[in-house]
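For reference, the structure discussed in these notes is given below.
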DNA sequence: ATGAATAGTTATACTTTTGTAACCATTACG
DNA sequence: CGTAATGGTTACAAAAGTATAACTATTCAT
């Protein structure tokens, strides 16, 4: 019975994934210069404040060389900066710049516009349900999927 | 106040997106021969039964040439087939083969294993909440995001 | 009937993502 | 100390996704 729930949840998440891909990653490409990968990295930096290159890789299950590429591009645009860790000089910590934080919020707003234009089709009850439901999904998924 | 809800929902969805990307698209690459794009297409075919090339493009907001590439690859693997529309001979309808349907379900199961191993960390109450919440998010997002 | 519009493919170029191996610097451990 | 392990970068190759233009075939509309 728990098993049934888990299968159902997995199935639901697999169905939700392409809907978000279409409604978030796609508008991102059209309305900003930032790549989905860069956006993901900035989202984690916003949440955690500072992350090492390896930490970012673990968050997104991406290989370290790919993280280097993404971070290089973000630095080029002035969105993040490298800081060497005084305690362990092998480690490079990444953090958002002020510009990065500001532009991240702006880009989120722009992408939100697409979503919001669709959400306006819903009635008050549906919005209420979706508001609570997305909050719950977000909270629980973060707790089990965000690290490692 | 409705405005507040909508912004919150958009923000939540933007946060959920990379979590699903990591937990679904990534394992897909490692544990199957199918690409995320191909998986998305098969998911829509499973849901709608039959779709024209243009319909698929609208579902995923992808350009038609890209759909051609994806479908060519799916045909190569025997997962889908083309059928010319008798009513309008310009239209090419795509549908899952038996093998495509079977393998799609298998791949979903495999990808689910990753998710499920994480979901097992949750207690009964959280599973109950997540089950209902994902069901609601899925239903509402399909209603407003799937077509066009 | 002819021109415009639609559906799809082909071709091409480019960006992003993915994967692997080799390499340097630093730290950890015997 | 010397060797292994870790963190990160570089270099390279290949796959996937993105975008646009040109083209064929078919249908639509006047």
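For segment B:11-62, give me every one of the helices (runs of 4 or more DSSP H) that falls completely inside it and has 3 or more residues that are within 23 Å of residue A:30 (Cα to Cα).
On the way: elements: B:26-31, B:36-48, B:53-60.
Result: B:36-48, B:53-60.
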Exercise for the section: Kindly check whether there is at least one residue in segment B:72-79 that is away from every other protein chain (no Cβ under 13 Å) and within 23 Å of residue B:142 (Cβ to Cβ). Expected result: yes
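Answer with yes or no whether residue A:41 is surrounded by 15 or more Cβ atoms within 10 Å (Cβ to Cβ), under 15 Å from the mean Cα position of the chain (by Cα) and at pLDDT below 95.
On the way: surrounded by 15 or more Cβ atoms within 10 Å (Cβ to Cβ): yes; under 15 Å from the mean Cα position of the chain (by Cα): yes; at pLDDT below 95: no.
When the stated conditions are applied, residue A:41 does not pass them.
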Practice task
Would you confirm whether any residue within segment A:30-44 is near DNA strand D (Cβ under 7 Å from one of its atoms) and within 13 Å of chain B (Cβ to nearest Cβ)?
Solution key: yes
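Give segment B:79-104 a look and list any residue that's more than 16 Å from DNA strand D (Cβ to nearest atom) and either at pLDDT below 95 or not in a helix (DSSP H, G or I) (or both), or say none. Steps first, please.
From segment B:79-104, those more than 16 Å from DNA strand D (Cβ to nearest atom) are B:81, B:95-102; that's our starting set.
Listed by number, the residues that qualify are B:81, B:95, B:96, B:97.
Would it be correct to say that residue A:27 is out of contact with any helix residue (DSSP H, G or I) (no Cβ under 7 Å at 6 or more places or on another chain) and within 15 Å of DNA strand D (Cβ to nearest atom)?
Numbers: out of contact with any helix residue (DSSP H, G or I) (no Cβ under 7 Å at 6 or more places or on another chain): no; within 15 Å of DNA strand D (Cβ to nearest atom): yes.
It is false that residue A:27 is out of contact with any helix residue (DSSP H, G or I) (no Cβ under 7 Å at 6 or more places or on another chain) and within 15 Å of DNA strand D (Cβ to nearest atom).
Just need a number here: residues in segment B:101-127 that are within 16 Å of DNA strand C (Cβ to nearest atom) and surrounded by 15 or more Cβ atoms within 10 Å (Cβ to Cβ).
Going through segment B:101-127, the residues within 16 Å of DNA strand C (Cβ to nearest atom) turn out to be B:107, B:110-111, B:114.
From what is left, the residues that are surrounded by 15 or more Cβ atoms within 10 Å (Cβ to Cβ) are B:107, B:111, B:114.
The number of residues fulfilling the criteria is 3.
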Fill in the blank from the handout: Going through segment A:139-148 in order, the residues found to be outside any helix (DSSP H, G or I) and crowded, with 16+ Cβ neighbours inside 10 Å are A:146
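Here is a yes/no grid of residues against (1) over 15 Å from the mean Cα position of the chain (by Cα); (2) surrounded by 14 or more Cβ atoms within 10 Å (Cβ to Cβ); (3) more than 13 Å from chain A (Cβ to nearest Cβ); (4) under 25 Å from residue A:60 (Cα atoms):
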position	(1), (2), (3), (4)
B:20	no, yes, no, yes
B:23	no, yes, no, yes
B:28	no, yes, no, yes
B:46	no, yes, no, no
B:64	yes, no, yes, no
B:82	yes, no, yes, no
Exercise for the section: Please enumerate the residues belonging to segment A:45-78 that are without any contact (Cβ under 8 Å) to a residue 24 or more places away in the chain, near DNA strand D (Cβ under 10 Å from one of its atoms) and farther than 18 Å from residue A:146 by Cβ. Expected result: A:63, A:64, A:65, A:68, A:69, A:72, A:75
Handout entry: Residue within segment A:98-113 that is touching a helix residue (DSSP H, G or I) at 6+ places or on another chain (Cβ under 6 Å) and more than 9 Å from chain B (Cβ to nearest Cβ) present
Key = yes
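How many residues does segment B:106-138 contain that are assigned to a helix (DSSP H, G or I) and more than 21 Å from residue B:25 (Cβ to Cβ)? Break it down into steps so the answer makes sense when it comes.
Kept after step one, since they are assigned to a helix (DSSP H, G or I), are these residues of segment B:106-138: B:106-119, B:124-138.
Then drop every residue that is not more than 21 Å from residue B:25 (Cβ to Cβ), which leaves B:124-129, B:131-133, B:135-136.
Residues flagged as assigned to a helix (DSSP H, G or I) and more than 21 Å from residue B:25 (Cβ to Cβ) within segment B:106-138 amount to 11.
The values are calculated or read from the model by the stated rules, or taken from the named source; none is laboratory data. Because the structure is a prediction, the values reported are computed rather than measured. Methodologically, a virtual Cβ is constructed for each residue, glycine included, from the backbone with ideal geometry; neighbour enumeration extends over all protein chains shown.
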